[in-house]
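The values are calculated or read from the model by the stated rules, or taken from the named source; none is laboratory data. Just so it is clear, the structure is predicted and the values come from calculations on it, not from any experiment. Virtual Cβ from ideal backbone geometry, glycine too; neighbours counted across all protein chains shown.
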Amino acid sequence: MEQKRRTKLRDLVSKVGIYHSLLANHPDGIVVLDEAGAIVDSNLAVQKITGYTPDELADMARAANGVPDGAFGDLRNLFIQASEGRVTRIEFGMRHKNGSELQLHLEFVPLVHESQQLGIYVVCRDKTERILAERRLQESEERYKSLFDYNPSGVYSLSLEGVYMSCNDSMATLLGCRREDLIGISYRSAIEDENLERTNRHFAAACQGIPQNYEASIIRKDGQPADLNIINIPIVVDGRVVGVYGIASDITERKQYVRRIEQLGYEYTLILNAVSEGIFGIGKDGRAMFANPRALRLLGYDQDEFIGSDNHGLLSHSSNGGIPYSVDECPICATVCDGVSRSVNEGVLWRKDGSSLLAEYTVNPIIDKGEVQGTVVVFRDITNEREIWRQKELAEQAASAKSEFLAMMSHEIRTPMNGVLGMTDLLLDTDLDEQQREFVEIVSNSGRSLMRILNDVLDFSKIDAGSLVLEPESVLLAPLVGSTTDLFLSHAEQHGIDLSWHIASDVPEKIVTDPVRLRQVLTNLIGNAIKFTEQGSVTVSVNLFSESASRNPVLEFKVEDTGVGIASEKLDRLFLSFSQLHPELNRKYGGTGLGLSICKKLVELMDGTIRVDSRENEGSIFRFTLPCTDSSKTLQAHENRSNADLIMLDSKQPSVPPLGPIRILIAEDHPVNRRLLQELLLKLGYSADMAENGIEAYESISKNRYDLVFMDVQMPEMDGLTAARLIRQMLPEEHVPYLVAVTAFVKPGFEQECLGSGMQEYIAKPISEADIRRILLDPESRLRNFLNGRKTAI
């Protein structure tokens with residue numbers, strides 16, 4: 001049936017010749033479809049429009065039948081509507097056979113003959129050029145609209161009378177108003193009066209066809225001033241100017257920035273002119289670009305002579321030795337090449353008159369947009385400064401030499417004095433007749449006087465060099481004051497002097513201070529008071545200073561005597577170094593004149609003050625104050641303590657359990673000191689082996705298990721520090737004994753050096769029985785803890 005219908009249609013078409021001629025020659029493409037949508041016929045115009053033959057189109061139509069969506073789906077819908085007798089139209093896009101874009105107007109028309117619908121014919125018109133042109137026009141209009149509406153700059157148009165015809169939101173924002181408020185008013189309403197005449201001239205030139213670019217100041221609606229950059233372009237239609245387009249940019253911040261830059265430039269110029277350093281700049285070509293007045297004065301050049309000249313050749317940059325740099329070696333030229341900052345501690349620049357300038361200078365690159373444009377050199381004259389430093393170094397070397405000399409002399413004196421004092425102490429413990437005891441006591445007292453003098457000189461040297469370090473700790477005040485005073489009891493009794501001490505009830509029981517230095521100050525003051533008091537009394541007292549706060553009390557210490565006193569005209573010399581106000585008594589009792597000077601320096605180191613009230617032949621009162629933190633944080637009242645209190649404290653000390661048998665080695669090159677240590681140990685019930693140098697000590701410890709070693713620091717062949725390090729490195733930990741450094745060397749920091757070498761304790765010569773007792777018999781001694789730990793490990 002379908003085949004018959006198609007045949008009938010073809011017959012009809014072939015019979016109607018005039019219509020066939022019309023179909024073939026019609027400028028529009030015409031495609032004839034049967035009722036099933038198959039292409040029956042088409043004219044040449046279809047092939048011209050699409051590039052496809054009727055057969056290719058038929059194949060494309062058959063392939064599109066299985067595609068439900070998309071453009072071909074729309075075509076099927078139109079075909080169905082046309083089959084129902086309606087004429088339908090569509091704008092249809094497709095690709096030409098050559099790949100170009102086509103925009104087609106398709107019209108589906110029912111094909112009816114004798115009231116019978118035989119199919120559909122499709123009229124195809126090529127609308128590509130028109131549609132693309134319309135699209136380009138629309139895109140152009142949209143671009144222009146976007147450029148106009150969304151431009152961050154203000155965009156507007158003016159009539160020839162200067163009235164706003166249109167504007168974007170940015171322009172309204174610039175003027176501080178709404179768009180609708182701006183349309184219809186003159187631009188002259190916003191221009192400041194002093195700029196109006198110039199703005200009118202630029203607008204008139206634009207109306208004559210001449211583009212304008214200028215700046216103007218305006219007043220916003222809110223009254224705030226603003227600076228604008230304005231471009232006016234004539235609007236030309238048919239060769240006639242009909243208006244003016246304008247573009248306005250807000251340059252208020254830029255103008256302010258420029259003004260700030262100008263101000264900064266002025267200020268920087270003032271700074272460059274005022275600084276004490278010389279500053280000059282060099283360009284990439286090596287020529288000087290600028291120089292401040294200080295640089296020109298130091299180098300001896302005028303501005304015109306210096307600027308523009310080749311800097312390297314002008315100044316002959318040299319090293320410290322005066323040998324000129326080559327261009328490749330010169331730090332300034334190198335920075336111009338590689339952009340790396342450089343600093344020269346000592347360099348030579350040559351002045352105009354030929355003289356040299358020893359300078360310290362830095363070279364920094366001038367970088368713009370990632371490129372090195374030159375360098376800035378900042379320099380200062382250190383010619384005189386280096387001489388000052390040289391003198392300072394000589395002074396420091398002299399001070400160091402003095403310190404080394406004092407330390408060495410101390411060692412050399414303390415070594416024999418260790419034997420003298422130690423042996424006299426041992427001798428005093430033997431059975432002597434009265435005359436022998438008197439002679440030995442004289443030797444002992446003289447030796448101790450010599451040691452006091454030596455200690456005073458060393459303390460003064462350390463204080464003077466600033467190497468004395470305070471070691472504050474929590475300490476009971478009463479035992480400290482009592483034990484210090486007790487040292488002088490026998491001496492005071494021999495001279496018939498009443499010596500006493502007391503502490504006020506509101507003084508803290510515990511304080512934080514350096515007990516060694518506080519004891520040293522009290523010892524000096526009490527010793528001086530007894531020395532210069534022939535009869536009467538010496539009283540030591542401690543009170544809470546009346547003006548101090550309870551949380552941080554200031555204590556006032558007083559040493560009062562009834563001695564010879566000091567004349568008022570001599571009081572100002574009292575605390576001076578090597579000052580002796582009573583030479584005859586100093587010759588009688590000895591002294592260096594350093595004691596009070598050391599007291600003053602120690603008290604001041606502890607943040608205190610010291611002074612004296614005295615009358616000649618009536619006595620003296622030495623007072624010093626110390627800020628001492630109450631370690632218990634509360635002030636506890638207590639009654640006056642007497643000497644008996646200290647005796648009770650001593651009597652309540654628990655008995656010390658013996659260490660038991662321990663093996664001891666003495667490493668000491670001096671025979672007298674070896675004997676002294678041996679005798680002191682024998683006195684306490686201990687024996688010891690002997691070694692005369694570090695090598696012998698190491699060999700003995702390697703072969704035998706010792707518990708305690710007294711190691712002299714300075715010995716021939718191998719010193720004690722080296723021996724201690726060797727023992728620590730070479731022997732198993734459980735085989736290493738307790739090492740005690742024994743030294744007469746009192747250089748500041750030497751104790752830490754001994755401990756750092758592996759020693760565990762440190763005693764200074766002259767060695768006393770008290771030192772040995774402290775190490776062996778103190779219940780809290782580190783040796784006792786060491787031996788207990790050793791037993792636990794075993």
Inset, instruction - Mind listing whichever residues of the range 269-293 are out of contact with any Lys or Arg (no Cβ under 9 Å at 6 or more places or on another chain) and surrounded by 15 or more Cβ atoms within 10 Å (Cβ to Cβ)? - result: F280, G281, I282, G283, G286, R287, A288, M289, F290, A291, N292
Inset, instruction - Return the total of residues in the range 79-129 being of a type in the set (A, V, I, L, M) and farther than 18 Å from I30 by Cβ. - result: 1
Inset, instruction - Might you check whether a residue that is more than 30 Å from H26 (Cβ to Cβ), exposed (fewer than 13 other Cβ atoms within 10 Å of the Cβ) and touching a residue at least 24 places away in the same chain (Cβ under 8 Å) occurs anywhere in the range 161-174? - result: yes
Inset, instruction - Could you check, for the range 189-198, whether at least one of its residues is modelled with pLDDT of 85 or more, among the charged types (D, E, K, R), closer than 30 Å to R259 by Cα and more than 57 Å from the chain's Cα centre (by Cα)? - result: yes
Inset, instruction - For L432, work out the one condition from (1) assigned to a helix (DSSP H, G or I); (2) at pLDDT 75 or above it doesn't fulfil. - result: (1)
Inset, instruction - For residues that are among the aliphatic types (A, V, I, L, M) and over 35 Å from the mean Cα position of the chain (by Cα), tally how many sit in the range 303-362. - result: 5
Legend entry - The one condition in (1) of a type in the set (G, A, S); (2) modelled with pLDDT under 85; (3) on the phi < 0 side of the Ramachandran plot that G608 fails to fulfil: (2)
Inset, instruction - Pick out the one residue from N232, N195 that is surrounded by 13 or more Cβ atoms within 10 Å (Cβ to Cβ) and more than 17 Å from V163 (Cα to Cα). - result: N195
Legend entry - Enumeration of residues in the range 124-138 that are surrounded by fewer than 18 Cβ atoms within 10 Å (Cβ to Cβ) and part of a strand (DSSP E or B): R125
Legend entry - Filter result for the condition that a residue is under 28 Å from E56 (Cβ atoms), at pLDDT 80 or above and surrounded by fewer than 15 Cβ atoms within 10 Å (Cβ to Cβ), over G99, G184: G99
Inset, instruction - Taking the options A248, A274, name whichever one is of a type in the set (G, A, S) and more than 30 Å from A359 (Cα to Cα). - result: A248
Inset, instruction - With a cut-off of at least 1 residues that are without any contact (Cβ under 8 Å) to a residue 40 or more places away in the chain and more than 48 Å from the chain's Cα centre (by Cα), name the helices (runs of 4 or more DSSP H) lying wholly within the range 673-765. - result: 694-703
Inset, instruction - Select the helices (runs of 4 or more DSSP H) contained entirely in the range 296-364, then report the ones holding at least 3 residues which are aliphatic (A, V, I, L, M) and within 18 Å of F379 (Cα to Cα). - result: 331-338
Inset, instruction - Looking for whichever is at negative phi, part of a loop (DSSP other than H, G, I, E, B) and modelled with pLDDT of 75 or more here; the options are P27, P68, P110. Which one fits? - result: P27
Inset, instruction - Just one of (1) more than 15 Å from D34 (Cα to Cα); (2) crowded, with 16+ Cβ neighbours inside 10 Å; (3) modelled with pLDDT of 80 or more trips up R86, so point out which. - result: (2)
Inset, instruction - Name the strands (runs of 3 or more DSSP E) wholly inside the range 449-518 in which the number of residues that are at pLDDT 90 or above and surrounded by 13 or more Cβ atoms within 10 Å (Cβ to Cβ) is 3 or more. - result: 497-503
Inset, instruction - Mind listing just one residue for me: the one in the range 766-789 that is assigned to a loop (DSSP other than H, G, I, E, B) and surrounded by 13 or more Cβ atoms within 10 Å (Cβ to Cβ) and, of those, farthest from the chain's Cα centre (by Cα)? - result: S768
Inset, instruction - For V244, work out the one condition from (1) in contact with a Ser or Thr (Cβ under 8 Å, 6 or more places away or on another chain); (2) surrounded by fewer than 17 Cβ atoms within 10 Å (Cβ to Cβ) it doesn't fulfil. - result: (2)
Inset, instruction - Determine if the range 282-298 includes at least one residue that is among the β-branched types (V, I, T), over 23 Å from T269 (Cβ atoms) and in contact (Cβ under 8 Å) with a residue 12 or more places away in the chain. - result: no
Legend entry - Residue selected from the range 659-672 under the condition at negative phi, of a type outside the set (K, R) and in a loop (DSSP other than H, G, I, E, B), by the criterion modelled with the lowest pLDDT: L659
Inset, instruction - Taking the options D238, D250, D222, name whichever one is surrounded by 17 or more Cβ atoms within 10 Å (Cβ to Cβ) and of a type in the set (D, E). - result: D250
Inset, instruction - Could you grab me the full set of residues in the range 269-281 that are aliphatic (A, V, I, L, M) and without any contact (Cβ under 8 Å) to a residue 40 or more places away in the chain? - result: L270, I271, L272, A274, V275
Inset, instruction - Go over the candidates A691, A723, A697 one by one and state the one that is closer than 17 Å to N673 by Cβ, in contact with a Phe, Trp or Tyr (Cβ under 6 Å, 6 or more places away or on another chain) and at pLDDT 90 or above. - result: A723
Legend entry - Test for S620: is it modelled with pLDDT of 85 or more, among the polar types (S, T, N, Q) and not in a helix (DSSP H, G or I): yes
Legend entry - Residue under evaluation M648, criteria (1) assigned to a helix (DSSP H, G or I); (2) modelled with pLDDT of 85 or more; (3) over 30 Å from V713 (Cβ atoms), criterion not met: (2)
